[in-house]
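Asker: This is the structure I have questions about; it appears just below.
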Amino acid sequence: MLAETQSRWPKLVPVGRRGSVLRPSSAAPGVFGVDLTAGCAHSCVYCPVSISSRGDAGNERLPFDPYTTEALAAALDSAVADVRTIVLSPQTDPLPPLGPVRAESARVAQLVLERGLDLVILTRGRFSRRLIQLLSAYPQQVRVGVGLFSLSKPLVRELEPLAASPYGRIRDIRRLAEAGIPFEVRLEPLIPGLTDTRANLVPLFRKLSEVGATRVVAHYLFLNPKVQAGLTEAFAGLRCKQTPAEMFADGPKATVGTIGLVRNLPREVRREGLARVMSWGAEFGLEVTTGAAQNPDLPRNPAPAAQTGPSLRRRSPTVISGYPTPPPSAPTAAAIS
Ligand code: SF4
């Protein structure tokens, strides 16, 4: 099984960087993204920045800048703009199962934190003990988003073939909580009848509560033309009652961060589904919110209850929303890997 998975990992190709290492976010001033690779190795079928389409995994080449840290140091030294927060990474996952990328991500994280900047890490990968140790030394500067939508291995493997196993991510969530590192779970993508069901979410919420999670940011799937063919195949493999085209037929168009123009699910599907998900989360003491950027046609979330410890949302409400993380994820109340 391991050999089969390894054979599907892309081949890293070291490259020099042409453009600026700092990518400004449209979400807030002072927020910049840093990517280490051009595309993402995790190959999530719903994600437009995934480097592989279904069936050809293992033959891809993944451009990788092994000197991202040096480029970032130089960019920060010469930055004209006020740089306050670095998001690692808006267009890729910083913690794929590729040693050089993981090592470079840790170097970037160390540089950012030692410079006194805030660091946001979004991932569906695994944290090393060393990275957890580093992040735990800077709890006031760090915010982590862990993408996870199910404990079901078959479901996760079909939709996120090379991302970390759900139980591996659960172990990391426990370690983040134990280390006092501020984090939230990115419940993405919710898919009607597939990942937004009580049967799927109650076991996940129970486990998240057990390992110390308190905040969940939930977003329904967007339909981007780049992923429609792969999603159609995945839905068929999962015996989904509808095709993506049918599911999104009556949904409005929306523009989301750097993803661009997408098709959203119909408003009532999202409104009713999110209300159910929030109430199920509350059964386990989880505060479930969604993003206004992803749901411009829904009412804003109610104000969050008072909490102890730093919150992704309280510190920077729209910080991540200019980025496509499911992609991978996108930010809270108004939305990691
Ligand atoms: S959703 Fe995140 S982890 Fe998956 S392919 Fe996209 S960027 Fe990578």
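Asker: If each residue of separation counts as 0.36 nm, what is the full-extension length gain between residue 232 and residue 140 once their alpha-carbon separation is subtracted?
Answerer: Using 0.36 nm per residue and subtracting the Cα-Cα distance, I get 28.9 nm.
Asker: May I ask you to sort 107, 124 by Cβ crowding, counting other Cβ atoms within 10 Å and putting the fewest first?
Answerer: The order, fewest Cβ neighbours first, is 107, 124.
Asker: Next question, about the same structure. Along each of the three principal axes of the Cα atoms of region 2-315, give the extent in whole Å, ordering the values from largest to smallest.
Answerer: Each principal axis gives a Cα extent; for region 2-315 these are 51, 48, 37 Å.
Asker: When every alpha-carbon pair in region 83-144 is counted, what percent end up more than 12 Å apart?
Answerer: 64
Asker: When a footprinting reagent is the concern and you count Cβ atoms within 10 Å, what order do 185, 211 take, fewest first?
Answerer: 211, 185
Asker: A further question on this structure: Can you compute the FRET efficiency between residue 276 and residue 18 using 1/(1 + (r/R0)^6), with r the Cβ-Cβ distance and R0 = 51 Å? Round to the nearest 0.05.
Answerer: Calculated value: 0.65.
Asker: What ranking of 170, 121 emerges when the number of other C-beta atoms within 10 Å of each C-beta is taken as an exposure proxy, fewest first?
Answerer: Values: 170 21, 121 28.
Fewest to most other Cβ atoms nearby, the residues stand as 170, 121.
Asker: Suppose a student asked you for the relative contact order of region 2-315, using Cα pairs under 8 Å spaced at least 6 residues apart; what percent would you report? Write out the running numbers ahead of the final one.
Answerer: Numbers: 557 pairs, mean separation 46.2, N = 314.
Relative contact order comes out at 15 percent.
We did not get these values from a lab; they are worked out from the coordinates using the rules stated. Computed from a predicted model, the values in this text were never measured in an experiment. A quick note on method: Cβ atoms are made from the backbone with ideal geometry, for glycine too, and the neighbour counts reach across all protein chains shown.
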